[in-house]
Amino acid sequence: MPEARAERETATTGEGRRIARVLIDSPLPQLDRLFDYALPDHVGDVVPGVRIKAPLRTAGRVVDGFVVEIDVEPDASRTLSEIDSVVSPTVVMPDRLYRLARRAADRAAGSASDILRLAIPKRQVRVEKSWTPVEEAADVEPDALSRALETISRYEGLAEVVAESQRAAVEAIPVQEGSEPGWATLLASLAAAQLASGRSSILVVPDYRDQELLQTALEQLVPGHAIVRHDARQANPDRYRAFLRTLDDAPCVVIGNRSAVYSPAQAGLVALWDDSDPLLAEPLAPYVHARDAALIRQEQEGSALLFVAHSRSTDVQRLVQHSWLHDITATRRVIPNVRLSTPQELEQTMGQRVPSSAFATARAAAAEGPVLVQVARPGFAPSLVCATCRHPARCRQCGGPLGARRRGAVPVCGWCGRSAHSWRCTECSSDQVRLASSGTERTADELGRAFPGVRVIVSDGTHTVQHVDERPALVVATRGAEPVAAGGYRAVILLDGARMLQAPELRIGESCLRWWSNAAALAAPAAPVHLVGVDGPVARALATWSSAAYARSELEARMPLHMPPTARFAQIEGVPASVRAALDVLVGIGVPKEGVLGPVPIDDDGRMRALVRFPYAAGQGVADALRASVVADAAQSRRGRGRQRIPLAVHLDILEPDI
């Protein structure tokens, strides 16, 4: 490269010197900025996006980093450290990926390197050296494309929204397409249409079960080599190979969990399935939800963005009401056959969990095919309560919950494992206990005796089942672990609904509606769906299939209280002095004092927690102020090296405020 060397020498001696602006890969907040480094001759030609190693003067060691920019500095007299080496000439951080990471981190008061750590896997030398870039586009068969377009046409205005690179909330049709659920067929059809037009797609799902279903649906429409899995369960070489494929210009379909939203593929479509699933909320700092990252990406890159679900989250409904998202429904809506069993009807069954109407439905359906029974919890008997006053049965030694493996057995503590002989209720002194609820195993045991000769299948976190065939069976599953039945379930029984609604969570209503809607969508056409022991707004929303109206009413109820998502919340944790200093800064930039909740102590180590409520318009100012407080606290911690210090931690957009 003699010409490039000549240009570099000219830039260094005549008009200045070439420098690289580098983002250091470090968890330290004070290092979340660009550092200028000189480019020595021995590193050759360096381009933005490559991995490098550079000395960090304050740490006295060589650290990893990414080149963000190459520039020419007119003043060559400034003392700069030189880049130590280029790890690889492969560009692993395109400019679009850096801008997405930077913007997402700034919105969440976090570090860009923490985002990039989710997006860019560790380097695999052998894979990188043997990798051959893919240049040819994958062909979609005409018949497959025709089927894909026919599926898309079932949704009014969806094709136009995608073609014009707009944003939309899509209510998925609650039916099955063969052995795959309808939502998977829809996403696969959208990706096939994009691939046929020469564009990539990024499809984000909550967990591996959804990913398997989506991949099966994709394989019916697009060539297998065009499907790229983004999966944390992959071996490191496979994951890096998939990452390199997304860097190629040839279009592909990326499917994966929450971090797949940061894929560097040049996507024409980004789609999220079931955005209110908690698995799409990133548990690592800076805690950016996949939904928020997708919105930022669409704003920067101009791709189409779809939120597809059976039930509407309040977060998406807020965007619909602000005209930020189009509201897309099916041209001909399909409503499951939901039947409600009220609490009064359940009380008349003399303690039985399944009312007579639902039991008769299950018996008739089990003679024809599989029947789904959804329960709240796994296991045999999760907990016991006093038979007289219903007070939770607790261990006298440690206060843990008592449970029993079988009826009549001595209760055993779930925490310390001690047997609770001669137990008495602390409230009424009764010595009798009863089950608070039954898990999957106990329900399977009870139904197995009630349905002799019918096979019983259990699917929960311990026993995972993906598919069941068309033969008669009772499938007992926890919420979210329901298998897909060939041809759909002949009946669906939703148990423990009242117990689910009793959880002390702000979003429990919409969570229950999501669990029940996803289960109801697995039923065969016109098959009965029984919701047992529940009435009220959530039950009516399920029966009428009107989750958008329920989400709208939830927003109206939360607005006077300024609860999420009608307002944004930030959580601040740390030692009292650091928390109060951060709160003082926020009040100084205009956050009202009535928007600050706390601080309150949260443990014996002296840590405190505070919540800050603020409008969306003030979001960037609050994020910048909190980030500055985190950096200042980290710098102060470094000056006091001899003491172990609890760092200041911030978390924006928390889903469940708790103080």
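Filtering segment 470-494 to residues that are assigned to a loop (DSSP other than H, G, I, E, B) and touching a His at 6+ places or on another chain (Cβ under 9 Å) leaves ALA481, PRO483, ALA486.
Evaluation of ALA148 against the conditions (1) outside any helix (DSSP H, G or I); (2) touching a residue at least 12 places away in the same chain (Cβ under 8 Å) shows that the sole unmet condition is (1).
Could you go through segment 98-105 and let me know if any residue there is in a loop (DSSP other than H, G, I, E, B), surrounded by fewer than 22 Cβ atoms within 10 Å (Cβ to Cβ) and out of contact with any strand residue (DSSP E or B) (no Cβ under 7 Å at 6 or more places or on another chain). There is no residue in segment 98-105 that is in a loop (DSSP other than H, G, I, E, B), surrounded by fewer than 22 Cβ atoms within 10 Å (Cβ to Cβ) and out of contact with any strand residue (DSSP E or B) (no Cβ under 7 Å at 6 or more places or on another chain). None of ALA610, ALA570, ALA634 is in a helix (DSSP H, G or I) and among the aliphatic types (A, V, I, L, M) except ALA634.
Restricted to segment 211-289, the set of strands (runs of 3 or more DSSP E) holding at least 1 residues that are basic (Lys, Arg), surrounded by fewer than 23 Cβ atoms within 10 Å (Cβ to Cβ) and out of contact with any Lys or Arg (no Cβ under 6 Å at 6 or more places or on another chain) comprises 227-230.
Consider segment 325-356 and keep the residues that are among the hydrophobic types (A, V, I, L, M, F, W, C), within 30 Å of the chain's Cα centre (by Cα) and assigned to a strand (DSSP E or B). The one that is modelled with the highest pLDDT is ILE328.
Here segment 1-48 is the region considered, the condition is being modelled with pLDDT of 90 or more and of a type in the set (Ser, Thr, Tyr), and the residue that is farthest from SER113 (Cα to Cα) is TYR37.
For SER578, state whether it is modelled with pLDDT of 90 or more, of a type in the set (S, T, N, Q) and over 27 Å from ILE296 (Cβ atoms). Taking the combined requirement at face value, the residue satisfies it. Mind checking whether some residue in segment 538-554 is touching a strand residue (DSSP E or B) at 6+ places or on another chain (Cβ under 6 Å), closer than 30 Å to PHE359 by Cβ and small (Gly, Ala, Ser)? Yes: segment 538-554 contains one or more residues that are touching a strand residue (DSSP E or B) at 6+ places or on another chain (Cβ under 6 Å), closer than 30 Å to PHE359 by Cβ and small (Gly, Ala, Ser). The residue list GLU177, GLU171 contains one member that is assigned by TED's automatic domain parsing to the domain that holds ARG312 and out of contact with any strand residue (DSSP E or B) (no Cβ under 8 Å at 6 or more places or on another chain), which is GLU177. Listed here are the strands (runs of 3 or more DSSP E) enclosed by segment 357-442 that have at least 2 residues being closer than 30 Å to ALA524 by Cβ and at pLDDT 70 or above: 370-375. A single entry from GLN620, GLN571 fulfils the requirement of being of a type in the set (S, T, N, Q) and surrounded by fewer than 16 Cβ atoms within 10 Å (Cβ to Cβ): GLN620. The number of residues in segment 106-132 that are touching a helix residue (DSSP H, G or I) at 6+ places or on another chain (Cβ under 8 Å) and either assigned by TED's automatic domain parsing to the domain that holds VAL67 or not in a helix (DSSP H, G or I) (or both) comes to 10.
Scanning segment 600-627 for residues that are over 26 Å from MET559 (Cβ atoms), in contact with a helix residue (DSSP H, G or I) (Cβ under 9 Å, 6 or more places away or on another chain) and either at pLDDT below 95 or of a type in the set (Asp, Glu) (or both) yields PRO601, GLY606, ARG607, MET608, ASP624.
Scanning segment 151-179 for residues that are farther than 22 Å from TRP324 by Cα and either crowded, with 21+ Cβ neighbours inside 10 Å or hydroxyl-bearing (Ser, Thr, Tyr) (or both) gives THR151, SER153, ILE173, PRO174, GLN176, SER179.
The values are calculated or read from the model by the stated rules, or taken from the named source; none is laboratory data. Nothing here was measured: the structure is a model prediction, and the numbers come from that model. Positions of Cβ are generated from backbone atoms using ideal geometry, with glycine treated the same way; all protein chains shown enter the neighbour counts.
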